[in-house]
């Protein structure tokens, strides 16, 4: 049991604080012999790193990843893969104001109650900076899964504005700063988020992660269900408050005769005629796309003045300056992909262990 | 790592199939000295057991629980608590039809793909019968949590019909066969579900579980977040496809200034002015009610004829007779309570371990 | 983490007390499709069960094992395998004397200090009765390992009397009540143990467990070393106080040039010219016999009067009547085999997970 | 489950290779609020670091430890404590000869069989260099245990030469380069090891680790026994082949009436009249000194020519130059202390979790 470790056979342990000298992770259980270079990981790091548009935090972090153990002559050795990223643009001064005050919606209060101490500089360990190492680990997980498995995320809602699914185009997600698969909605979001920023407010988002090419048979009843672990994985991402698989909440309202995906024989075996289950039945993958959606609440650190209390137990108010994402949901998309990759890689190894 | 074990310090391992001779569980890590009798557990078993109204399966199972180890002179000893329930009303014959056919929406196909074998009698291990032992374990967890923590569930939606939250009355949940907190809606559901049954269809549901009296400080960043583990726990229940904490998906649409719960000093320390976060910030409990909602899809086993394939790879259709819950969501309510209790008990011990 | 669970992928959880109604175990992670009947397990149970000679306890337990879940039509299903054994010959009355007194060398005192309560009837959970379920699990582990792996134990010392290794004959272990591979020493032990019994004393023993046919490559540096896990496994058996691998302690006295096993090419690859390492290098199996030896202290429950204290904190003395093994080491031999089988099965699955 | 992680609640994950740029560890589960500075850790690192006498390797490593996360203003925060040590004196060239050849007694062959690849530079991950991070983690564990618990190791045998226990003086262990508690034997070892070095040979050793002040009640039956975990912990140290608790193997030869430690009431509760059990009964600490002994085989890398095979499957011989410890057992003493500290800290937290 470890609070800072994720996965069972493909195991990721992260460490480091937002304003510490560096952050890192250890990935254990990686199969040996897999070609792996820093550039393979950096590719994914670059998609999450801050400061790439005016819609994310302006903190300037190159997030250059170094592999410090676990590879030899360009291949994994089967021993723990350690990766490190230097923190280069901390500005702890920005946080002086909140050293003594609890920001509403943030972990300030709960960390202090639990531990009796917290590193308030950049929120310490509670900062989404930790997710950089999830993305690094996800890069390794993708290598373990191989090229047959494709994992992609799209932002499908920002604030109250959802995309039009009829216009879904994966290619579009690479063309706008929102990972939005619907070009028209992306434009609308631009205006919406500019307004949000100007008002010193923030916006939430819904992200959809889709894994294609996942073989049938991954996952494990009863408490190791693929969807149960995906739910836990996504909910562990900062600011996530909801998760659904396939049609999710909408299935509660459907009649039984349309809720279940019918089957027919195809050329290569059984095929499903729909995918309302999101690629998972009884906790085990069906071979269809694995589809997960999660909601990210609006960034808690905003300029708006809000009521709170301080460490001395006095009523006060707080306005958070610093450099914050107006919509943290955007950068959660690559993180969601990484968590999907880690869960699938873990289950691939677990399946191989038991079923050969 | 275990597929059939749940929790870390308060650990539940279940075993047994729907049509095997008996089912059971082992609860490890229970603190010693806690008064515990079979009646304490039976109380909770009785709330989940089948055949209590025309809206649940007609299988007649007394679900009488026996404690076979782990107590001495009426108290827990700190050694593993084993509990067993006899299966008395299996009718494997009902399942002959589906021995060779995969029911849409069920785990039949995925179990067969994964394991190359499945116990088709009553769905074997994939049956919701397993959840009886979760409820037994939940009864123990409640004892660990003590009387200060109250855990209650309500069904807040059946099919497309949601309750009116303005009429919420916890006492009402004990007065209708749906755990419905809204008397008017309960009546409406009666008619709706009678129709569903007559049509040989089934309905989904949304369940809300609320834990009151949870001390602030439970939960553990980063991957042991209280809400992440609750999400995994609820998603591991049969037929669950979505989970949210507090306002959940709705938070994605809210502006930052209203999404976070403000604070003020109360008589006994800080209080929150709302509970949109569902009692969890940064993965750690705030001291407010912990609120989780999950969606249960409609029962997959229905009388409607549906298209599917058989084990020989032939297109066919299936209509499932047997004795099935028209709305499995109803009996998921006590199971959701049990999972909440188990997660909280586990985190109580984990918190005590690290923070004393 | 679980105190009553052993293994990682091949996971064994045991429950039950010496004088409870029954004892049992759950084996999780078993590969599906393995032919398995109760008789396969009973074969091993019968080797450990009490009352088979005058040199073991006279408690009469048939130790008939029942498989209550995890198989279907004679094969494992991949779901948890639950096994139960009824306790039929408890005589709790024998223990009345020690309900208030701590037997020297026994767990009475430490259980009471730790838990504030103990089940004194037959020592409750601390009784070696628990090892019956280890043997049951070991029977499953052997099936997972397949017929290519043979695991055998021999008792190589009882009291101060060691065997003559020059006379080692495995067949002999089946012909005397001591699992002794040296016929002459077996005879000597007979006289020695008769004397021990008459004096109301007890004797210790050293057991050697050898696994042949173990493929090279099992085990995992750094903390999952095959020998580290074997050491923990053997030390977890009741009354064991020492463990060594291969030449063990004797290697400390050898010069480097003779301590390491040299290699030469054989017909089927590299061969070792000796096996001082006991089949494990760097925590990974070499393909040679895996050899473990462990020491069992003399039974603590003896007729000799000994000084102790009681629960009220008074000096007193104790003589233990009941029905006890004069040399528990004898029945530890099949238990040692079972633990070896479980460790190897676990590592086989772990190896397959990571290295395919 | 993780191959590179040790412990359950106090969890240590190590990473890094002998000739990589750096090595490190993550310690998770540390209670918050404990004063901790790098100097606290460095104190213990300095005792293990190489090059302090002519009897250990001449590799020059300052082993300066840096804490990169998990503390704030000089205290632990409850979040993962990451520590890093730079490797500064690698000479990979020394290892060119063995890149293609398997050294007898070393992990070269087994790593290659298992993983299909190995980092031969300084033995990569199989090097005892990894133990530096165990010592760092042990330094943290000591802080968790507090000043009431003292953990000390002594080397009690080098090659065939054991100490005279009658001359045991803990203070002496700080005055000679062997951690030898017997001044006369220390002198004898000096001559003996000079001879060993001149002959290009190596010597084994036996180390005894003693923990005083351990409260009664730590440890957990059945598979989490304190002695079982100590056995696994010590056996996981490089080159260790045997472990015993208290009198260990000698207990097998003792009669029951003298093997168990009698009890009497003392001023502060029950006291034991001897400590043959090594401070552990039924897997739980008794309050006496916890005593563990382990054997370290002679260094495998020696100048003596030995027969072996190469990667191409040809018979060959090998003589290992490089800079190796003539007796690795000496530097294993601080490592044994560290493992004892980690096991005890883990069990302290586990005990607190369950028993409050």
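The values are calculated or read from the model by the stated rules, or taken from the named source; none is laboratory data. In this text the structure is predicted, and so the values were computed from the model without any measurement. Here the Cβ is made from the backbone with ideal geometry for all residues, glycine too, and neighbour counts use every protein chain on show.
Of the residues examined, residue C:229 is not one that is within 7 Å of another protein chain (Cβ to nearest Cβ) and out of contact with any helix residue (DSSP H, G or I) (no Cβ under 7 Å at 6 or more places or on another chain).
To keep it simple, each residue is scored yes or no on (1) closer than 26 Å to residue D:303 by Cβ; (2) touching a helix residue (DSSP H, G or I) at 6+ places or on another chain (Cβ under 9 Å).
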| site | (1), (2) |
| --- | --- |
| C:262 | yes, no |
| C:265 | yes, no |
| C:271 | yes, no |
| C:282 | yes, yes |
| C:285 | no, yes |
| C:290 | no, yes |
| C:299 | no, yes |
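Being out of contact with any strand residue (DSSP E or B) (no Cβ under 6 Å at 6 or more places or on another chain), more than 10 Å from every other protein chain (Cβ to nearest Cβ) and modelled with pLDDT of 90 or more narrows it down to one residue among B:135, B:113; which is it? Only one candidate passes the filter, namely B:135.
This table checks each residue for (1) more than 30 Å from residue D:351 (Cα to Cα); (2) within 20 Å of the chain's Cα centre (by Cα).
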site	(1), (2)
D:164	yes, no
D:198	yes, no
D:202	yes, yes
D:217	no, no
D:228	no, yes
D:235	no, yes
D:257	yes, no
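Once the stretch B:1-14 is narrowed to residues that are touching a residue at least 12 places away in the same chain (Cβ under 8 Å) and either more than 18 Å from residue C:67 (Cβ to Cβ) or more than 8 Å from chain A (Cβ to nearest Cβ) (or both), the residue that is surrounded by the most Cβ atoms within 10 Å (Cβ to Cβ) is B:13. Restricting to the stretch C:101-122, and then to whatever is in contact (Cβ under 8 Å) with a residue 40 or more places away in the chain and under 19 Å from residue B:31 (Cβ atoms), can you tell me which residue is surrounded by the fewest Cβ atoms within 10 Å (Cβ to Cβ)? Looking at the filtered set, the residue picked out is C:112.
When you scan the stretch B:63-72, do you find a residue that is part of a helix (DSSP H, G or I), buried (at least 20 other Cβ atoms within 10 Å of the Cβ) and touching a helix residue (DSSP H, G or I) at 6+ places or on another chain (Cβ under 6 Å), even just one? No, the stretch B:63-72 contains no residue that is part of a helix (DSSP H, G or I), buried (at least 20 other Cβ atoms within 10 Å of the Cβ) and touching a helix residue (DSSP H, G or I) at 6+ places or on another chain (Cβ under 6 Å). Answer yes if at least one residue in the stretch A:128-142 is in a loop (DSSP other than H, G, I, E, B) and out of contact with any helix residue (DSSP H, G or I) (no Cβ under 6 Å at 6 or more places or on another chain), and no otherwise. Among the residues of the stretch A:128-142, not one is in a loop (DSSP other than H, G, I, E, B) and out of contact with any helix residue (DSSP H, G or I) (no Cβ under 6 Å at 6 or more places or on another chain), which makes the answer no. Of the residues B:82, B:150, which is out of contact with any helix residue (DSSP H, G or I) (no Cβ under 8 Å at 6 or more places or on another chain), more than 10 Å from chain A (Cβ to nearest Cβ) and over 30 Å from residue B:181 (Cα atoms)? From the options B:82, B:150, the qualifying one is B:82.
Note on the stretch B:248-268: residues that are over 28 Å from residue A:314 (Cβ atoms) and surrounded by 23 or more Cβ atoms within 10 Å (Cβ to Cβ) total 3.
A Cβ distance below 7 Å, combined with a sequence gap of six or more or placement on separate chains, defines the contacts here; from the stretch B:278-297, residues that are more than 7 Å from every other protein chain (Cβ to nearest Cβ) and within 13 Å of residue B:231 (Cβ to Cβ) reach residues that are at pLDDT below 95 and surrounded by 24 or more Cβ atoms within 10 Å (Cβ to Cβ) in the pairs B:283/B:220; B:283/B:221.
Within the stretch B:86-100, identify whether any single residue is within 14 Å of chain A (Cβ to nearest Cβ), farther than 19 Å from residue C:24 by Cα and over 19 Å from the mean Cα position of the chain (by Cα), and answer yes or no. Yes - at least one qualifying residue is present in the stretch B:86-100.
Restricting attention to the stretch A:1-12, the residues that are part of a strand (DSSP E or B) and within 22 Å of residue D:115 (Cα to Cα) total 2. When residues in the stretch D:281-321 are screened for being under 19 Å from residue D:156 (Cβ atoms) and either in a strand (DSSP E or B) or modelled with pLDDT under 95 (or both), 8 of them pass.
Of all positions in the stretch C:326-342, at least one carries a residue that is in contact (Cβ under 8 Å) with a residue 24 or more places away in the chain and outside any helix (DSSP H, G or I). On the stretch given as the stretch B:18-44, residues that are within 14 Å of chain A (Cβ to nearest Cβ), in a loop (DSSP other than H, G, I, E, B) and modelled with pLDDT of 95 or more total 1. For the stretch A:255-270, residues that are in contact with a strand residue (DSSP E or B) (Cβ under 6 Å, 6 or more places away or on another chain) and either more than 7 Å from chain B (Cβ to nearest Cβ) or more than 27 Å from residue B:3 (Cα to Cα) (or both) total 4.
If I go through the stretch D:27-43 residue by residue, how many of them are crowded, with 21+ Cβ neighbours inside 10 Å and under 18 Å from the mean Cα position of the chain (by Cα)? Residues that pass the stated criteria total 2. When the residues of the stretch A:170-189 are filtered to those that are more than 21 Å from the chain's Cα centre (by Cα) and free of Cβ contacts under 8 Å to residues at least 24 places away in the same chain, the one that is nearest to residue A:153 (Cα to Cα) is A:183.
It is to be established whether one or more residues within the stretch C:52-59 are modelled with pLDDT of 95 or more and either more than 14 Å from chain D (Cβ to nearest Cβ) or more than 19 Å from the chain's Cα centre (by Cα) (or both). No, because not a single residue in the stretch C:52-59 is modelled with pLDDT of 95 or more and either more than 14 Å from chain D (Cβ to nearest Cβ) or more than 19 Å from the chain's Cα centre (by Cα) (or both).
Comparison of A:170, A:179 shows that the only residue that is exposed (fewer than 14 other Cβ atoms within 10 Å of the Cβ), away from every other protein chain (no Cβ under 14 Å) and under 23 Å from residue A:289 (Cβ atoms) is A:170. Restricting attention to the stretch D:85-98, the residues being out of contact with any helix residue (DSSP H, G or I) (no Cβ under 7 Å at 6 or more places or on another chain) and either in a strand (DSSP E or B) or modelled with pLDDT of 95 or more (or both) number 1.
If you go through the stretch D:116-127 and keep only what is in a loop (DSSP other than H, G, I, E, B) and at the interface with chain C (Cβ under 9 Å from one of its Cβ atoms), you end up with just D:116. As a summary of the residue check, residue A:207 satisfies the conditions (1) under 21 Å from the mean Cα position of the chain (by Cα); (2) within 26 Å of residue A:230 (Cβ to Cβ); (3) away from chain B (no Cβ under 14 Å) except for the one numbered (3).
When you go through (1) part of a loop (DSSP other than H, G, I, E, B); (2) in contact with a strand residue (DSSP E or B) (Cβ under 8 Å, 6 or more places away or on another chain); (3) under 18 Å from residue C:177 (Cα atoms) one by one for residue C:54, which number turns out not to apply? In the conditions (1) part of a loop (DSSP other than H, G, I, E, B); (2) in contact with a strand residue (DSSP E or B) (Cβ under 8 Å, 6 or more places away or on another chain); (3) under 18 Å from residue C:177 (Cα atoms), residue C:54 misses (2) alone. All of (1) at pLDDT 95 or above; (2) surrounded by fewer than 24 Cβ atoms within 10 Å (Cβ to Cβ); (3) under 24 Å from residue D:18 (Cα atoms) hold for residue D:342 with one exception: (2).
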